[in-house]
Amino acid sequence: MAGRLEGKIAVITGAGSGMGKAMAELFSAEGANLVLADISGKQEEVAAKINAGANVRAVPVHCDVSNEADVQNMIATAEKEFGRLDILCNNAGFGGPMAALHEQTSEIWDKVHGTNIKGAWLGMKYGIISMLKTGGGSIVNTTSASGVVGWKHHSVYGAAKAGVNQLTKTAALDYSDKNIRINAIAPGTMWTGLVGASQQFAEPPADFPTLAGIPMGRWGLAKDIANAALFFASDESAYVTGTILPVDGGYSIGFSGMGAERPGMTTVNKDGS
């Protein structure tokens, strides 16, 4: 039985860990050939594992998504190695420190916005240029619940992710008649290796303070985001564009305004990308 992405070519940023790694593993299992981009070097390990066990190919590339030349090279790699680009997942993200607005710095603003919103814009720009050559494709942006509702001490990050939401909607309108669908996933409180390391937990704690504000009462997992990305990447969502899909256990619809401050979470992106 053919996979849902059989023969498709996908580029995934932030593919070395967390949600990007989960997307890479799921997409390869569903038949996609991949370009795996990351700044960490861990994309090499993810690609090697996929190449060792699947009937697809994964090509790792180093990419700082805020660097235009790196993004251009990432898309050019897909074209060179596979001939085209069908799917682009702009997943790389950086949360920065959680702090009140007046305590943030211009340097943090530039890094958070460079990675999150400029990175998404550059990926979309060059991904769209490639897709226009071959008749269309699907773009999936990773945003955040912080871009949908207010989250205490997330002014800089929330503004960046809200910008990604708006980029998603307006670009979806710009290219809806070009067979390019553009959607976004808004993760809530996610459990990834980065989060676990920052909190010195080996497993997701069931009594973490933030969970009190989540109607479903559990952490989100990387596979929850990967499954949503698979839907948007596949032909199953052929009539869906411009959608911001919360994958947050009901947090954004049940938002109480309490702010959900997370003690100790000072350097790790809340959504784990």
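The values are calculated or read from the model by the stated rules, or taken from the named source; none is laboratory data. Everything quoted here is computed from the prediction, not taken from an experiment. So basically every Cβ, Gly included, is an ideal-geometry build from the backbone, and we count neighbours across all protein chains shown.
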Next on the checklist: Regarding region 83-90, can at least one residue be identified that is assigned to a helix (DSSP H, G or I) and surrounded by 15 or more Cβ atoms within 10 Å (Cβ to Cβ)?
Outcome noted: no
Checklist outcome for this item: Residues of region 79-92 being over 21 Å from residue 231 (Cα atoms) and either touching a residue at least 12 places away in the same chain (Cβ under 8 Å) or aromatic (Phe, Trp, Tyr) (or both), in sequence order, are 79, 81, 82, 83
Checklist outcome for this item: Checking 146, 138 in turn, the sole residue that is buried (at least 24 other Cβ atoms within 10 Å of the Cβ) and in a strand (DSSP E or B) turns out to be 138
Checklist entry - If we scan region 57-79, do we find a residue that is at negative phi, touching a His at 6+ places or on another chain (Cβ under 8 Å) and not aliphatic (A, V, I, L, M)? => result yes
Next on the checklist: Whether any residue in region 108-125 is touching a residue at least 60 places away in the same chain (Cβ under 8 Å), aliphatic (A, V, I, L, M) and surrounded by 19 or more Cβ atoms within 10 Å (Cβ to Cβ) is what I want to check.
Outcome noted: no
Checklist entry - Can you tell which of 15, 58 is surrounded by 24 or more Cβ atoms within 10 Å (Cβ to Cβ), in contact with a Lys or Arg (Cβ under 8 Å, 6 or more places away or on another chain) and either within 22 Å of residue 120 (Cα to Cα) or modelled with pLDDT of 95 or more (or both)? => result 15
Checklist entry - So which of 186, 145, 197 ends up being aliphatic (A, V, I, L, M) and modelled with pLDDT of 90 or more? => result 186
Checklist entry - What pairs come up if the first residue lies in region 159-184 and is surrounded by 23 or more Cβ atoms within 10 Å (Cβ to Cβ), the second is part of a helix (DSSP H, G or I) and among the aromatic types (Phe, Trp, Tyr), and their beta carbons are under 7 Å apart, counting only those six or more places apart or on different chains? => result 182/175; 183/232
Item to check | Per-region count, region 105-150, residues of a type in the set (Phe, Trp, Tyr) and more than 14 Å from the chain's Cα centre (by Cα) | outcome: 2
